[in-house]
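Colleague: Once you've had a glance at the structure underneath, I'll fire off some questions.
Computed from the coordinates by the stated procedures, all read-outs in this text should not be read as laboratory data. Note that the structure is predicted; figures quoted are calculated from it, not measured. Note that each Cβ is placed from the backbone with ideal geometry, even for glycine, and that neighbours are counted across all protein chains shown.
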Amino acid sequence: MAERPSQELSAEVLVVGSGIAGLSFALKAARSARVLLLTKKNAAESNTNYAQGGIACVTSAEDSSELHIRDTLEAGAGLCREEVVRKVVQDGPARVAELVELGVRFTERQNGGSREPDLGKEGGHTKRRVLHAGDITGKELERALLSAVRSSPMIEVREDMVAIDLVTSKKLKLPGPNRVLGIYVLDGASQRVLAISARMVVLATGACGKCYLYTTNPAIATGDGVAIAYRAGVAIANMEFIQFHPTCLFHPSAPTFLISEALRGEGGVVVDAQGKEFTRKTDSRGSLAPRDILARAIDEEMKETGAPCVFLDIRSKGAEFLEKRFPAITSTLRGLGIDPAHQPIPVVPAAHYQCGGIPALLDGTTRLPGLLALGEVACTGLHGANRLASNSLLEALVMAHRAAESLPGKLAKIPRADSIPRWKEGKFHDADEMVVITHNWKEIRQLMWDYVGIARTNKRLLRAQSRLRLLLKEVQEFYWNFRVTSDLLELRNLALCAALIVESALRRHESRGLNANADYPKLQKRAKDTVIEPGAHKI
Ligand code: FAD
Ligand code: SIN
């Protein structure tokens with residue numbers, strides 16, 4: 001192994017990720033500490049940026065916290081932590097008010113003499129309670145949060161920086177209890193690996209949707225945070241609960257384009273090619289059943305009939321309504337030759353949300369001192385076995401706030417950041433072998449889609465597990481023998497997340513929420529988390 005020169009940096013608080021969780025936390029943390037925020041592409045690129053439906057929050061007199069809590073628990077299929085659900089729901093209105101103060105422009109409507117938020121409805125919600133900015137809520141959030149972050153003198157944002165692995169006292173064989181000392185990061189501009197020491201590292205790295213061939217997630221969603229934490233010795237929980245969104249556009253030119261659940265909230269109906277509403281066979285809520293139920297109904301229909309897709313029919317609302325309420329979706333569809341005012345939209349389910357992740361309290365505390373996890377990368381118990389629509393932006397906001405509030409107390413207990421050893425890397429960058437990376441990446445995504453999708457069996461899971469073992473070995477050899485690239489780093493994380501999903505699914509001997517296994521069709525009496533301790537997968 002050759003040692004290359006490595007620029008060393010240090011940070012008081014180092015945040016990885018520039019979605020809603022990372023940005024909201026950085027903004028508030030900057031009141032008490034200097035923050036270095038790293039992100040692997042341009043700063044707006046995140047799952048947050050693509051959010052359409054909005055933020056679930058009780059703001060109407062016709063709604064109540066108790067109803068929002070009940071809907072969340074019901075969607076979560078018995079696995080939510082009720083105390084966590086209560087806190088998130090009850091904190092919501094204050095966090096949303098802060099967003100408005102920051103300049104987020106939620107869509108409003110006229111009610112008599114006053115303006116009030118125009119509330120959307122989504123699956124599993126018994127009331128209209130989703131605040132939205134047209135159908136580009138995520139873009140609006142990123143715009144407002146990034147602009148505030150960029151104007152803070154206490155926050156430095158660095159783009160094109162890929163976090164690789166945490167440096168811990170255990171890895172360095174230092175005495176005392178294990179804690180985080182910093183992180184290694186690939187700087188895209190120089191292609192050098194930087195060693196950055198930090199008193200506190202905050203993983204706000206989002207999801208692992210790219211484990212699947214078909215997903216609504218953008219390219220950044222490669223499960224880096226879960227993989228980084230697991231390799232640092234942190235157990236990972238509930239990864240079997242991957243949520244499939246029922247209505248992703250079925251079109252070769254736009255395979256990840258979401259058709260928001262809010263369309264169904266406004267009267268859109270899922271139908272087959274003959275226009276028949278088949279979804280009520282399994283649930284009287286039909287197109288507005290929680291996502292696990294609806295995605296399964298669609299999957300079954302497609303398998304039974306051999307149809308490549310189903311359809312979302314919202315023609316009844318007419319062009320004027322669609323252009324006003326869903327301008328981005330309507331214009332994207334028209335650009336692809338589909339006019340939703342005149343024809344049903346072809347849709348299929350696609351991997352959308354990671355309910356499991358790094359076990360964390362609502363203030364981001366993990367089991368590893370010096371490490372916080374915020375947003376989709378964390379598993380707090382809010383979502384249980386199936387997330388209620390539009391609860392994730394809310395969770396990220398609540399977590400970021402609580403983490404920033406408790407930061408001074410936490411930092412007071414952590415010693416000054418020490419310097420950490422420079423990165424050692426392999427000598428070679430073998431361009432010929434890069435094809436292996438692309439091939440393995442595709443293979444993982446295909447096998448996860450085929451064997452670890454909406455409907456599971458033990459046989460399929462075991463097949464996936466044995467393929468993934470070989471792939472993990474190959475990727476590991478690559479990692480240790482060649483100069484790291486962002487593609488290789490992402491592949492390494494994707495492979496590990498896929499293995500954690502499969503392992504978790506194999507350990508759950510029941511069908512609950514998003515984990516439907518034909519070999520275990522019943523519910524176990526007691527709902528339990530699946531926790532994969534470190535060491536089960538070496539990578
Ligand atoms: P993200 O927003 O995904 O941000 C993660 C950040 O980490 C990114 O900046 C990424 O580049 C960075 N990163 C990742 N790995 C690394 C690394 N190794 N090094 C450096 N940086 C890294 N939820 C709702 O509540 N309402 C909705 O309407 C809604 N609509 C959605 C629509 C779509 C299409 C999708 C995909 C999701 C939607 N969700 C919605 C889910 C929601 O958007 C996400 O759960 C939420 O935005 C996650 O925020 P986050 O900050 O945790 O992660
Ligand atoms: C959507 O707009 O359908 C996505 C909402 C969510 O994922 O919460």
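Colleague: Could you work out the pair-distance distribution P(r) of the stretch 222-304 from its alpha-carbon pairs, with 5 angstrom bin width and percents rounded to whole numbers?
Modeller: 3, 12, 18, 20, 15, 10, 9, 8, 4, 1, 0
Colleague: Apply 1/(1 + (r/R0)^6) to the Cβ-Cβ distance of residue 108 and residue 316, taking R0 = 30 Å, and write down the FRET efficiency to the nearest 0.05.
Modeller: The pair residue 108/residue 316 has a calculated efficiency of 0.75.
Colleague: Something else: Considering only DSSP states other than H, G, I, E and B, which trypsin sites (Lys or Arg not before Pro) in the stretch 467-526 qualify as loop sites with at most 16 other Cβ atoms within 10 Å?
Modeller: 483, 522, 525, 526
Colleague: Right, another one. What residue among 232, 377, 327 has its Cα farthest toward the positive end of the dipole of the chain, where the charges are +1 on Lys, Arg and -1 on Asp, Glu, each on the Cβ?
Modeller: So the residue furthest toward the plus end is 232.
Colleague: How about the chain: what cysteines have no other cysteine beta carbon under 4.7 Å from their own?
Modeller: Cysteines of the chain left without a disulfide-compatible partner: 57, 80, 211, 248, 309, 355, 379.
Colleague: Could you compute the longest span of the chain free of GluC sites (Glu not before Pro) located in DSSP loops and having at most 13 other Cβ atoms within 10 Å, not counting the site residues?
Modeller: 278-539
Colleague: Can I ask one more? So, with +1 on the Cβ of K and R and -1 on the Cβ of D and E, and no other charges, what is the size of the charge dipole of the chain about its Cα centre, to the nearest 20 debye?
Modeller: Roughly 1240 debye for the chain.
Colleague: Please get the size of the charge dipole for the stretch 80-223, origin at its Cα centre, with Cβ charges of +1 on Lys and Arg and -1 on Asp and Glu, quoted in debye to the nearest 20.
Modeller: Here the size comes out at about 460 debye.
Colleague: On to the next question. Where Rh is the Kirkwood radius over the Cα pairs of the stretch 384-539, the temperature 37 °C and the viscosity 0.692 mPa s, what D in µm²/s does Stokes-Einstein return?
Modeller: The estimated diffusion coefficient comes to 174 µm²/s.
Colleague: Now a separate question. Working out 0.36 nm times the residue gap between residue 128 and residue 115, then minus their Cα-Cα distance, what length gain in nm do you get to one decimal?
Modeller: That works out to 3.1 nm of additional length.
Colleague: So, in nm, how far is label residue 304 from label residue 522 when the simple model puts each one 7 Å beyond its Cα toward the Cβ?
Modeller: The modelled label-to-label distance comes out at 2.5 nm.
Colleague: Quick one: angle between helix 20-29 and the longest Cα principal axis of the chain, in degrees between 0 and 90, rounded to 10, please.
Modeller: The two axes meet at around 60 degrees.
Colleague: Residues of the stretch 501-539 with the amide nitrogen closer than 18 Å to a label point 7 Å from the Cα of residue 474, along Cα-to-Cβ, please.
Modeller: Residues 538-539 fall inside that zone.
Colleague: Can you give the net charge of the other residues whose Cβ lies under 13 Å from the Cβ of residue 373, counting K and R as +1 and D and E as -1?
Modeller: Its environment carries a net charge of -2.
Colleague: Taking the Cα centre of the stretch 471-511 as origin, work out the dipole magnitude from +1 charges on Lys and Arg Cβ and -1 charges on Asp and Glu Cβ, in debye rounded to 20.
Modeller: Magnitude of the dipole: close to 80 debye.
Colleague: Let me ask something else. Where in the stretch 311-341 does the amide nitrogen come within less than 18 Å of the point 7 Å from the Cα of residue 277, taken along Cα to Cβ?
Modeller: Counting only backbone N, you get 311-318.
Colleague: 5 Å is the cut-off here: which amide hydrogens, built 1.01 Å from N in the peptide plane, fall below it relative to residue 164, excluding neighbours closer than 5 in sequence?
Modeller: Correct list: 184, 185, 186.
Colleague: Given the options 130, 92, 152, identify the residue whose Cα lies farthest towards the positive end of the charge dipole of the stretch 41-153 (+1 on Cβ of Lys, Arg; -1 on Cβ of Asp, Glu).
Modeller: With unit charges placed on the Cβ atoms, the residue in question is 152.
Colleague: Mean shadow of the stretch 33-84, computed from the convex hull of its alpha carbons, in nm²?
Modeller: The directionally averaged projection comes out at 6.9 nm².
Colleague: Still on this structure, I have one more. Note down the relative contact order for the stretch 84-234 as a percent, whole number, built from C-alpha pairs under 8 angstrom at least six residues apart.
Modeller: 12 percent
Colleague: Taking the 0 to 90 degree range and rounding to the nearest ten, how far is the long axis of helix 486-507 tilted relative to the main principal axis of the chain, both from C-alpha atoms?
Modeller: 60 degrees
Colleague: Taking H placed 1.01 Å from N in the peptide plane, check which residues at least 5 places from residue 347 or on another chain put their amide H under 5 Å from its amide H.
Modeller: Close amide H contacts, sequence-distant or interchain: 250, 310, 311, 312.
Colleague: Another question about this same structure. Express the relative contact order of the chain as a whole percentage, based on alpha carbon pairs under 8 Å and six or more residues apart in sequence.
Modeller: Relative CO of the chain lands at 22 percent.
Colleague: If you average 1/r over all unlike Cα pairs in the stretch 102-166 and invert the result, what Kirkwood radius do you get in angstrom?
Modeller: Roughly 14.8 Å, rounded to one decimal.
Colleague: Let me ask something additional. Once a ≥ b ≥ c are taken as the square roots of the eigenvalues of the Cα gyration tensor of the stretch 136-235, is the result rounded (a/c under 1.5), prolate (a/b larger than b/c) or oblate (a/b not larger than b/c)?
Modeller: oblate
Colleague: While we're on this one: Any chance you could give the angle, 0 to 90 degrees and rounded to 10, that helix 82-102 forms with the longest Cα principal axis of the chain?
Modeller: It is inclined by approximately 90 degrees.
Colleague: Then there is this: Can you pull the percent of Cα pairs in the chain with separation above 35 Å?
Modeller: That fraction is 32 percent.
Colleague: Quote to one decimal, in nm, the extra length available between residue 179 and residue 97 on full extension: 0.36 nm per residue of separation minus the C-alpha distance between them.
Modeller: 25.9 nm
Colleague: Related question: Given a cut-off of 21 Å, what percent of all Cα-Cα pairs of the stretch 281-366 lie beyond it?
Modeller: 51 percent
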